[in-house]
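**Q** Structure provided below as structure tokens; questions to follow.
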Amino acid sequence: MLTIRIVLLVFAASLVSATSFAGTGILLLAHGGNAEWNARVVELARTIDRTKPVEVAFGMATRGNMQAAVDRLADRGVTEIVAVPLFVSSWSSVVTATEYLLGLRAEAPPALALFAKMEHPDPVTSPTGASPVGHDAQAASLGTTPVASRVPITRMTPALNGHRLVAGILTARAQSISRNPAEEAVVIVAHGPSPDEDNNRWLQDMSALAMAMARTERFASIDYLTVRDDAPKAIRDGAAAQLRAVVSARAGEGRRVLIVPLLLSFGGIERGIATRLEGLPYTMAGAALLPDDRLVTWVLEMADQAP
């Protein structure tokens with residue numbers, strides 16, 4: 001198992017280190033998680049790299065990891081870099097902080113200073129899990145400085161948001177546990193942000209996903225909610241109560257309830273959803289968005305879009 005993990009980490013460091021490319025390189029941004037979570041992202045990148053050069057930067061607006069990935073792309077001979085955030089939603093302080101660090105936003109958002117103080121070691125350069133720079137004031141200061149790039153970083157694309165391919169994956173996840181769609185209630189559950197304004201934007205995108213799913217499969221109903229794990233306790237408890245209320249109501253209508261997590265990959269949040277629903281009748285999909293080759297199509301489509 002350790003050997004497999006080391007191979008994955010080395011691969012993430014340089015997907016095709018001996019090959020030079022002219023043209024656009026993709027900086028694939030991902031939150032990062034446990035070894036299995038990261039491995040799914042690395043596997044996705046491996047497939048994308050067959051078409052277009054890509055390097056992964058894990059972390060929450062982690063400047064050092066982005067700098068290392070940008071340098072690797074430059075070493076591979078790309079002439080421009082497009083950043084693609086492999087996040088569920090664009091409505092996040094992580095996204096705005098990342099835009100600033102990539103030189104795509106004029107003013108640093110307030111959250112950047114907090115992210116700079118947080119330890120998000122790059123699993124590529126620090127396989128033991130220890131931070132290569134540490135937690136001192138100098139490292140935090142460096143973390144708020146935009147990256148330096150030998151080639152232009154031209155733009156950052158939207159995150160997954162309400163994209164049609166995401167709706168397709170969610171539909172497939174629901175279908176995988178479905179028996180009789182006309183008698184089943186789908187409940188899409190996402191992590192969600194803390195601020196109410198951002199949460200409303202998440203819900204708008206989830207509404208678009210639900211409508212797209214309804215055009216493909218005739219489920220009895222499709223609800224969507226966020227659990228807001230990182231919000232203050234009162235908000236978090238309210239979100240949990242809402243989730244339980246929706247599931248209870250749909251089950252009370254005689255529906256078989258299908259929980260479809262809107263997560264990039266399983267890595268813990270799905271267990272929190274199960275804890276919130278303890279004692280209620282439901283069936284949860286066995287996979288999140290990854291693994292699915294439609295995300296390869298999505299990344300390449302985002303990178304190729306005209307600015």
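The values are calculated or read from the model by the stated rules, or taken from the named source; none is laboratory data. Keep in mind that this is a model prediction, so the values were computed, not measured. A quick note on method: Cβ atoms are made from the backbone with ideal geometry, for glycine too, and the neighbour counts reach across all protein chains shown.
**Q** Got a number for residues in the range 28-83 being assigned to a loop (DSSP other than H, G, I, E, B) and of a type outside the set (A, V, I, L, M)?
**A** Here is the first cut: in the range 28-83, the ones assigned to a loop (DSSP other than H, G, I, E, B) are 31-34, 49-53, 59-62, 76-79.
Checking which are of a type outside the set (A, V, I, L, M) leaves us with 31-34, 49-53, 59, 62, 76-77, 79.
Counting residues in the range 28-83 that are assigned to a loop (DSSP other than H, G, I, E, B) and of a type outside the set (A, V, I, L, M) gives 14.
**Q** Is it the case that ARG76 is closer than 20 Å to ALA190 by Cβ and either of a type in the set (Asp, Glu) or out of contact with any helix residue (DSSP H, G or I) (no Cβ under 9 Å at 6 or more places or on another chain) (or both)?
**A** Values: closer than 20 Å to ALA190 by Cβ: no; either of a type in the set (Asp, Glu) or out of contact with any helix residue (DSSP H, G or I) (no Cβ under 9 Å at 6 or more places or on another chain) (or both): yes.
No.
**Q** Go through the range 150-175 and give me each residue that's within 30 Å of ASP75 (Cα to Cα) and within 14 Å of the chain's Cα centre (by Cα). Working first, answer last.
**A** Taking the range 150-175 as the starting set, the residues that turn out to be within 30 Å of ASP75 (Cα to Cα) are 150-160.
Scanning the range 150-175 gives THR157, PRO158, ALA159, LEU160.
**Q** Of all the residues that make up the range 246-281, how many are under 28 Å from the mean Cα position of the chain (by Cα), closer than 24 Å to ALA167 by Cα and assigned to a helix (DSSP H, G or I)?
**A** Qualifying residue count for the region: 8.
Conditions tested, residue by residue: (1) of a type in the set (Gly, Ala, Ser); (2) assigned by TED's automatic domain parsing to the domain that holds SER89; (3) under 30 Å from GLN67 (Cα atoms).
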| site | (1), (2), (3) |
| --- | --- |
| SER149 | yes, yes, yes |
| PRO152 | no, yes, yes |
| ARG173 | no, no, no |
| SER178 | yes, no, no |
| ALA182 | yes, no, no |
| ASP196 | no, no, no |
| ALA212 | yes, no, no |
| TYR224 | no, no, no |
| LYS233 | no, no, no |
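**Q** Can I ask one more? For ALA245, indicate whether it is surrounded by fewer than 20 Cβ atoms within 10 Å (Cβ to Cβ), free of Cβ contacts under 8 Å to residues at least 24 places away in the same chain and not β-branched (Val, Ile, Thr). Give the steps one after another, and end with the answer.
**A** Values: surrounded by fewer than 20 Cβ atoms within 10 Å (Cβ to Cβ): yes; free of Cβ contacts under 8 Å to residues at least 24 places away in the same chain: yes; not β-branched (Val, Ile, Thr): yes.
So ALA245 passes the test.
**Q** Out of the range 176-199, which residues are of a type in the set (Gly, Ala, Ser), part of a strand (DSSP E or B) and within 19 Å of the chain's Cα centre (by Cα)?
**A** ALA190
**Q** Among the numbered conditions (1) part of a loop (DSSP other than H, G, I, E, B); (2) at pLDDT 95 or above; (3) among the hydroxyl-bearing types (Ser, Thr, Tyr), tell me where THR297 comes up short.
**A** The number of the failed condition is (1).
**Q** Is it the case, given these coordinates, that ASP75 is under 20 Å from THR144 (Cα atoms), modelled with pLDDT of 95 or more and charged (D, E, K, R)? Step through it out loud before you land on a result.
**A** Details: under 20 Å from THR144 (Cα atoms): no; modelled with pLDDT of 95 or more: yes; charged (D, E, K, R): yes.
Against the criterion (under 20 Å from THR144 (Cα atoms), modelled with pLDDT of 95 or more and charged (D, E, K, R)), ASP75 does not qualify.
**Q** Taking only the range 282-294 into account, find how many residues are within 19 Å of SER178 (Cβ to Cβ) and in a loop (DSSP other than H, G, I, E, B).
**A** Going through the range 282-294 one residue at a time, the tally reaches 7.
**Q** Give me a count of the residues in the range 144-180 that are at pLDDT below 95 and among the hydrophobic types (A, V, I, L, M, F, W, C).
**A** Adding up the residues that qualify gives 2.
**Q** Is it true that ARG228 is on the phi > 0 side of the Ramachandran plot and not in a helix (DSSP H, G or I)? Outline the logic, then answer.
**A** Values: on the phi > 0 side of the Ramachandran plot: yes; not in a helix (DSSP H, G or I): yes.
Taking the combined requirement at face value, the residue satisfies it.
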